[in-house]
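Q: Encoded as structure tokens, here's the structure I'll be asking about.
Bear in mind that the values in this text are calculations on the coordinates, not laboratory data. None of these values were measured; they are calculated from a predicted model. Neighbour counts run over all protein chains shown; Cβ positions are idealised from the backbone, glycine included.
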Amino acid sequence: MNSVTHAPLAFDAGLRWQTGYARLGENFFTELPPQPLLDPYWVARSASVASLLGLDDEALSHPDLLEALSGNQPLAGSQPISTVYSGHQFGVWAGQLGDGRALLLGETEEGWEIQLKGSGRTPYSRMGDGRAVLRSSIREFLCSEAMHGLGIPTTRALCVTGSDSPVRREVMETAAVVTRVAPSFIRFGHFEHFASQGDYESLRHLADYVISRYYPNCLGKEQPYAALLQEVSQRTAVLLAHWQAIGFCHGVMNTDNMSILGLTLDYGPFQFLDAYQPAHICNHSDTQGRYAFNRQPSVAYWNLHCLAEALLPLINDQDAALAALEPFKQDFSEALLANLGAKLGLQSPTHEDRLLIDAALQLLAREGTDYTIFWRRLSHCIADNDHRSVRDLFIDPAGINDWLTTYQRRLEKEDHARVTSLMLRTNPKFVLRNYLGEAAIRQASQGDYSSVAQLLQVLENPYDEHPSLEHMAGFPPDWASSIEISCSS
Ligand code: AMP
Ligand code: MG
């Protein structure tokens with residue numbers, strides 16, 4: 001007798017959906033269900049992302065939600081699709097890529113796209129297995145929420161679910177799924193895809209969708225597509241100014257990892273700097289240093305040129321396209337000056353202040369001083385009018401003494417309380433250092449998720465003191481510099 005298999009019942013989490021990306025039509029995606037994940041368990045959850053989606057505590061701990069977000073049960077009202085895009089990887093045209101292991105479940109009425117990452121093979125998986133491992137999923141989850149806590153534009157992460165299912169990377173690891181949330185996961189690469197195919201009708205359809213949904217003020221412009229390019233360029237400049245000021249290295253700034261909304265997207269071999277080394281390369285696979293920390297702004301500009309080239313058939317005017325990118329350098333410099341100035345407690349830093357900032361960065365680079373600790377200590381030193389803990393960070397006292405004298409003189413023009421309050425809300429006490437992530441991942445792979453939860457707690461509010469979790473704010477241990485993070489995830 002034939003056995004009858006029933007489709008699993010859909011779980012109704014109470015989410016209300018609208019047709020977003022899916023309305024673009026068939027050549028933009030493939031509809032397919034996630035692949036089941038054996039015996040899933042919760043690894044990490046973010047209550048703050050849940051509340052964005054209107055999910056209460058009960059929904060967030062519901063066993064059916066665990067099944068739904070692991071791909072074992074449909075989520076009522078969702079319409080899972082994987083989208084097609086292309087891109088330039090490490091400066092070279094890579095052709096068609098696409099969501100090789102991600103599925104967009106849909107978009108909520110409030111405008112949040114919900115995406116599973118690691119949910120199995122798709123038509124765009126190429127040689128990949130469609131899976132993500134626990135290690136990289138925890139890193140993506142924590143860093144998404146860390147960036148948000150720092151006030152840096154980013155995709156968000158609702159949760160990580162894990163399974164004992166083996167996944168082969170350099171060694172055998174286990175599978176996990178991250179549920180990501182963002183207004184849109186559209187990448188530069190989506191535009192490059194249709195442009196490279198000469199499918200200008202789809203290209204226009206995509207651009208019109210992005211403008212109407214996310215950049216409506218471009219609609220009234222004489223050149224709406226050039227205006228779109230200019231706005232994306234502005235947002236990207238602002239994003240890069242955040243990364244450079246906080247000491248964040250993305251690691252894989254391929255055009256398929258660039259968000260059309262200027263969000264930090266696709267967390268792989270990223271790193272927050274420990275020692276300040278401007279040419280630091282965080283991605284072990286990046287042998288040429290293309291994505292070194294100090295090259296990120298120019299790589300972003302290069303990527304924007306790829307986007308410009310993709311949009312050129314719509315803009316239809318090379319000069320207009322180039323003009324749209326022209327403000328990038330100034331936008332970036334101004335945003336960076338504002339961000340670095342704020343680190344010094346200066347609300348309106350001048351170009352002269354830039355010299356003071358550069359002098360500090362040179363001192364940090366010369367000795368490889370810890371970037372996060374320097375700025376946090378400086379904030380406290382100014383608040384307490386006691387410079388010792390900053391001086392202690394340097395072997396050579398002369399440079400820092402001179403710098404502190406100049407800086408103090410500059411601060412005489414400012415209101416002390418405002419300076420210290422700005423510094424303490426600009427210079428975080430906690431960042432997701434590689435070694436903190438590694439230690440939490442080691443525990444998690446033994447089934448203990450407490451450090452992941454503790455890290456989430458401090459990273460959600462990284463400017464607060466969290467006295468009981470002080471150990472997460474210290475210097476990295478010696479082994480931190482031997483951690484090698486590659487593209488493998
Ligand atoms: P990434 O380097 O993570 O940005 O990924 C680049 C491309 O490879 C994207 O198209 C991904 O979807 C795809 N990809 C990465 N890892 C996998 C995997 N394990 N299975 C399928 N596709 C993958
Ligand atoms: Mg990617």
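Q: Eigenvalues of the Cα gyration tensor times 5, then square-rooted: what semi-axes does that give for the range 143-198, in whole angstrom, largest first?
A: 27, 21, 10
Q: May I pose another question? Sort Asp317, Asp478, Asp256 by Cβ crowding within 10 Å, fewest neighbours at the top.
A: Asp478, Asp317, Asp256
Q: If you don't mind, another one. At q = 0.15 Å⁻¹, what base-10 log of I(q)/I(0) does the Debye formula yield for the range 28-182 when every alpha carbon is treated as an equal point scatterer in vacuo?
A: One equal scatterer on each Cα of the range 28-182 leads to -0.78.
Q: Taking a cut-off of 41 Å, what percent of all Cα-Cα pairs in the chain are separated by more than that?
A: 21 percent
Q: Across the range 434-482, how large is the tail of the calculated P(r) beyond 18 Å, expressed as a percent of all Cα pairs?
A: The share of Cα pairs beyond 18 Å in the range 434-482 comes to 32 percent.
Q: Tell me, rounded to the nearest percent, the portion of alpha carbon pairs in the range 347-424 spaced more than 14 Å apart.
A: Above the 14 Å cut-off, the range 347-424 has 62 percent of its Cα pairs.
Q: Then there is this: From the backbone phi of the range 221-237, what are the Karplus-calculated ³J(HN,Hα) couplings (6.51 cos²θ - 1.76 cosθ + 1.60, θ = phi - 60°) in whole Hz, Gly and Pro given as x?
A: 7, 4, 10, x, 6, 5, 5, 4, 4, 5, 5, 5, 4, 4, 5, 5, 4
Q: Sticking with this structure for a sec: Once you have a ≥ b ≥ c as the square roots of the Cα gyration tensor eigenvalues for the range 104-201, tell me rounded if a/c is under 1.5, and otherwise prolate or oblate according to whether a/b is larger than b/c.
A: Oblate.
Q: Going by the alpha-carbon gyration tensor, a ≥ b ≥ c the square roots of its eigenvalues, is the range 206-254 rounded (a/c under 1.5) or, if a/c is not under 1.5, prolate (a/b greater than b/c) versus oblate?
A: Verdict is prolate for the range 206-254.
Q: Taking GluC sites (Glu not before Pro) as exposed when DSSP calls them loop (any state but H, G, I, E, B) and at most 14 other Cβ atoms lie within 10 Å, what is the longest stretch of the chain free of them, the sites themselves excluded?
A: Between the exposed loop sites, the longest stretch runs 223-411.
Q: Taking the Cα-to-Cβ direction at Asp39 and at Glu326 and moving 7 Å from each Cα, how far apart do the two end points lie in nm?
A: Placing both labels 7 Å beyond Cα along the Cβ direction yields 6.4 nm.
Q: If you find the alpha carbon centre of the range 82-142 and of the range 22-55, how far apart are they in angstrom?
A: About 11 Å separates the Cα centre of the range 82-142 from the one of the range 22-55.
Q: Let me ask something additional. Mind listing the Cα extents of the range 200-317 along all three principal axes, in Å, largest one first?
A: 47, 24, 22
Q: Ok, one more. Among Gln454, Ala439, His466, pick out the residue whose Cα is farthest towards the positive end of the charge dipole of the range 434-482, where Lys and Arg carry +1 and Asp and Glu carry -1 on C-beta, about the Cα centre.
A: Towards the positive end, the residue furthest out is Ala439.
Q: Let me confirm the definition first: pairs of Lys residues in the chain, 8 or more apart or on different chains, C-alpha distance under 27 Å. How many are there?
A: Step by step, the pairs that qualify in the chain add up to 5.
Q: Counting only DSSP beta bridges with both residues in the chain, what percent are antiparallel, rounded to the nearest 5?
A: In the chain, DSSP labels about 95 percent of beta bridges as antiparallel.
Q: Among Ala300, Thr236, Gly162, pick out the residue whose Cα is farthest towards the positive end of the charge dipole of the chain, where Lys and Arg carry +1 and Asp and Glu carry -1 on C-beta, about the Cα centre.
A: Highest projection toward the positive end goes to Ala300.
Q: Could you tell me which Cys residues in the chain have no other cysteine's Cβ under 4.7 Å from their own Cβ, answering none if every one has a partner?
A: Here Cys143, Cys159, Cys218, Cys306, Cys381, Cys487 come out as lacking a disulfide-compatible partner, given the Cβ-Cβ threshold of under 4.7 Å.
Q: Right, here's the next one. Scan around Gly95 for amide H atoms under 5 Å from its own, H built in the peptide plane at 1.01 Å from N, and keep only partners 5 or more places away or cross-chain.
A: Those qualifying (amide H under 5 Å, at least 5 residues apart or on another chain) are Gly87.
Q: Also, I was wondering about something else. For the range 347-424, what is the charge dipole size about the Cα centre, in debye to the nearest 20, if Lys and Arg each add +1 at the Cβ and Asp and Glu each add -1 at the Cβ?
A: Magnitude of the dipole: close to 80 debye.
Q: What ³J(HN,Hα) values, in whole Hz, does the Karplus curve 6.51 cos²θ - 1.76 cosθ + 1.60 give for the range 337-351 when θ = phi - 60°, with x put for Gly and Pro?
A: So the J values, rounded to whole Hz, are 4, 4, 5, 6, x, 4, 4, 8, x, 9, 5, 10, x, 9, 5.
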